[in-house]
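Data first, discussion second: the structure below is written as structure tokens.
The values are calculated or read from the model by the stated rules, or taken from the named source; none is laboratory data. Worth saying up front: this structure is predicted, and the values here are computed from it rather than measured. Every residue, glycine as well, gets a Cβ built from its backbone with ideal geometry; the counts of neighbours run over all protein chains shown.
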Amino acid sequence: MFKTLKAPGVLAIVLSAAGILMLTMGTRQSLGLFMGPMNSSTGLGVVTLSLALAIGQFVWGLAQPIAGAIADRWGSRYVLFAAILSAALGLALTPFMDTGIGLGITQGILFAGGAGAASFSILMGATAKQVPAEARAAASGVINAGASVGQFILTPIIQRLIQALGWMGAMWSTVALIALAIPLVNRVAPTRASADPAPVSGSDLRHAVSEAFQSPSYGLLHLGFFTCGFHIAFLVTHLPGEVDLCGLPASVASWSLALIGLANIFGGLYASHLISRYRSKNVLAGMYASRAICVLLYLLAPKTEWTFYLFGISLGATWLATVPPTAAIVGKLFGTRFLATLFGMTLVSHQIGGFLGAWLGGLALAHLGNFQWMWYADAALAAFAALVNIPIREAAVPQTAAA
């Protein structure tokens, strides 16, 4: 399948998009490492910090269909530039904030909005318009893997920076990392007019969105992706806190998050292979079911560092691997013309779940002293997501493609 990326210019476009996602998502998935040091420094409390990050979870998702709609109408180049600058500004200003409202603006709006506008929907949408149809599944897998590479590489680096420079110095250092994405935009969204299709009227876009929300399959896809967001946001925000409750050092949390990213590099690529052979809805159902099993096994296991490492690897196999099959279903149902917008809409549902996962986790810790009921909710929602994907009406994969 990945041989399709060898067409002239295709690999450079795909790797550049993966590079942007590596930097934005790698930084975003490491924010939970800052919670403990920020709480000790500011005294704002875990609930306030969780709420700021929860707002960021929602804004990250909300930014994607908005940025996607702008890109679908006028092109993605300047959207990506503005997004990267916004993310960098949010990180740069965060150390100056000493209130929950201030953190909500810098982390919840500026950084999260910028990271969302330079994330999956717009990058996959921009790439899909430039690569051959037969290369799109492979391209989505490689772009998705970029997020996991970022998580694997940047999480331990940021943990070391926090230890060496303090959380403020570490956050300012991540501004330089985000800035590395700027030159990659020129490859993903070049200046030539053919990089994006001609602008379309707003009525065309509204009609496409209206048609999508009349589809029961699109609604079921949203329900499953909601659970995915709950699961991921809860873990990236509160896994360091869970590790601390178990009496283990902070390095266990950073390496667990890094192993999630490493496992998902392979999981995401394998998911792209699977959706070229099987219906994407079945791939998604299997992924969500495996998450429920992993969480239940974690609850039964002794809480040692190797339990967290194995837990991270098992979860990482499906962590962001849900993105290629979800995007593939949207493309099958409605085509690629408005893929950035319609896939972005599914990410809003994903991040509503993310908001609840991050915020409720903070409330659980503050009022119950642990995350036990959050783990139960996570397992139940994962099982629910596996079930709701099964009725989605998706065309079978053509036999020639499967072969």
Only one of (1) farther than 24 Å from Ser76 by Cα; (2) part of a helix (DSSP H, G or I); (3) among the hydroxyl-bearing types (Ser, Thr, Tyr) is not met by Thr341, so which one is it? (1)
Residue identified as at pLDDT 90 or above and more than 25 Å from the chain's Cα centre (by Cα) among Ala181, Ala170, Ala164, Ala176: Ala164
Which condition number in (1) surrounded by fewer than 24 Cβ atoms within 10 Å (Cβ to Cβ); (2) closer than 26 Å to Leu363 by Cβ is the one that Ile153 fails? (2)
Which condition number does Met345 fail, the rest of (1) free of Cβ contacts under 8 Å to residues at least 24 places away in the same chain; (2) buried (at least 16 other Cβ atoms within 10 Å of the Cβ) being met? (1)
Between a residue in the range 121-134 that is touching a residue at least 60 places away in the same chain (Cβ under 8 Å) and any residue that is of a type in the set (Ser, Thr, Tyr) and in a helix (DSSP H, G or I), which pairs come within a Cβ distance under 7 Å, given they are 6 or more apart or on different chains? Met124/Ser140; Pro132/Thr4; Glu134/Thr4
Restricting attention to the range 108-149, and to residues there that are β-branched (Val, Ile, Thr) and under 23 Å from Gly75 (Cβ atoms), which single residue is surrounded by the most Cβ atoms within 10 Å (Cβ to Cβ)? Ile122
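Yes or no, residue by residue, for (1) touching a helix residue (DSSP H, G or I) at 6+ places or on another chain (Cβ under 6 Å); (2) within 20 Å of Val283 (Cα to Cα):
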| residue | (1), (2) |
| --- | --- |
| Leu315 | yes, yes |
| Thr322 | yes, yes |
| Pro325 | yes, yes |
| Ile329 | yes, yes |
| Arg337 | no, no |
| Thr341 | yes, no |
| Gly344 | yes, no |
| His350 | yes, yes |
| Gly353 | yes, no |
Those residues of the range 276-298 which are crowded, with 24+ Cβ neighbours inside 10 Å and among the polar types (S, T, N, Q) amount to Ser280
Criterion (out of contact with any Gly (no Cβ under 8 Å at 6 or more places or on another chain), within 23 Å of Ile66 (Cα to Cα) and not hydroxyl-bearing (Ser, Thr, Tyr)) met by exactly one of Ala364, Ala327: Ala327
Pair list, Cβ under 6 Å, 6 or more apart: the range 154-173 residue farther than 18 Å from Leu23 by Cα, other residue in a helix (DSSP H, G or I): Trp167/Phe34; Trp167/Pro37; Trp167/Met38; Met168/Pro95
Pairs where the first residue, in the range 304-326, is surrounded by fewer than 24 Cβ atoms within 10 Å (Cβ to Cβ) and the second is among the acidic types (Asp, Glu) and at pLDDT 95 or above, C-beta under 7 Å, 6+ apart: none
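Matching residues to (1) surrounded by 23 or more Cβ atoms within 10 Å (Cβ to Cβ); (2) acidic (Asp, Glu); (3) without any contact (Cβ under 8 Å) to a residue 40 or more places away in the chain:
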site	(1), (2), (3)
Ala18	yes, no, no
Gln29	yes, no, no
Asn39	no, no, yes
Ile55	no, no, no
Ala63	yes, no, no
Trp74	no, no, no
Tyr78	no, no, yes
Gly90	yes, no, yes
Leu93	no, no, yes
Can you pull out every residue in the range 327-342 that is among the β-branched types (Val, Ile, Thr) and surrounded by fewer than 24 Cβ atoms within 10 Å (Cβ to Cβ)? Thr336
Among (1) surrounded by 22 or more Cβ atoms within 10 Å (Cβ to Cβ); (2) more than 19 Å from the chain's Cα centre (by Cα); (3) closer than 21 Å to Gly146 by Cα - the single one His273 does not satisfy: (1)
Only one of Ala145, Ala115 is of a type in the set (Gly, Ala, Ser) and in contact with a Leu (Cβ under 6 Å, 6 or more places away or on another chain). Can you tell me which? Ala145
At least 3 residues that are among the polar types (S, T, N, Q) and at pLDDT below 90 in each: list the helices (runs of 4 or more DSSP H) lying fully within the range 1-99 that qualify. 35-42, 46-74
